[in-house]
Amino acid sequence: MARVGEQDNQRFPELGPPTQIAAGVLFREIRLESPSDERIGTHKLYVYTPRGEHRENSLPCIFIAGGSSIPLTGTGLGPADEPEHIPYVSAGFVVIGYEVDGYLPDPDRATKQMILDAIKEYRAAEAGLVNAEQAIEFALAKLPEVDANRL
């Protein structure tokens, strides 16, 4: 996969300073407020990088969708996802956790209309494929240490 151009770089927010959340693990939460792809809504990414300086194109990257969902709806991200992400970073990977459109935070209390809206958003995002593509584009635009050949 090729690096994205300068125009793609500008459509994503800046990274901002990281927080160390575990030994050798840096974390940033990114909100994608104005995606260029109208099929997806506002959502967040969890960006984890190994601590230290890294050469350009030197690190592999793993993409992980959020883990909480009911069938036919999207997924969110929260602190409960971190234990799945951190071991990969400790092993030298960049990790991008991403939400999938159509997330229902409390499905037990959702109305029929809320469920139908979530299903519609999930389908529009092609069951998360569009969200995954955007996470990949973000990594290639904003993380020069990510090796585009090891995603």
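The values are calculated or read from the model by the stated rules, or taken from the named source; none is laboratory data. Please read all numbers here as calculations on a predicted model, not as lab measurements. All Cβ positions, even for glycine, are placed from backbone atoms using ideal geometry, and neighbour counts span all protein chains on display. These accessible areas exclude ligands, DNA and RNA; they are computed on the full protein's heavy atoms, side chains included. Shrake-Rupley method; radii C 1.70, N 1.55, O 1.52, S 1.80 Å.
Key figures for this structure:
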read-out	value
The chain: relative contact order as a whole-number percent, Cα under 8 Å and 6+ apart	29
Ranked order, Arg11, Arg109, Arg51 - accessible area, probe 1.4 Å, largest first	Arg109, Arg51, Arg11
Mean residue ellipticity (222 nm) of the chain, computed from DSSP H runs ≥ 4 via -39,500 (n - 2.57), nearest 500	-8000 deg cm²/dmol
Average silhouette area of the chain, convex hull of alpha-carbon atoms, in square nanometres	8.9
1.4 Å probe accessible area per residue over the stretch 92-134, in Å²	56
Distance (nanometres) between label positions extended 7 Å along Cα→Cβ at Gln113 and Leu72	1.9
Proximal lysines relative to Lys142, as straight alpha-carbon distance under 23 Å, when same-chain residues fewer than 8 apart are discounted	Lys44
Residue-level accessible surface for Asp106, protein heavy atoms, 1.4 Å, Å²	70
For Val25, distant residues with modelled amide H under 5 Å away	Arg51
Chain lengthening between Thr19 and Lys120 when straightened (0.36 nm per residue, less Cα-Cα)	32.8 nm
Gyration tensor (Cα) of the stretch 79-151, equivalent ellipsoid semi-axes in angstrom	30, 16, 7
Antiparallel %, DSSP beta bridges [both residues in the chain], to 5	75
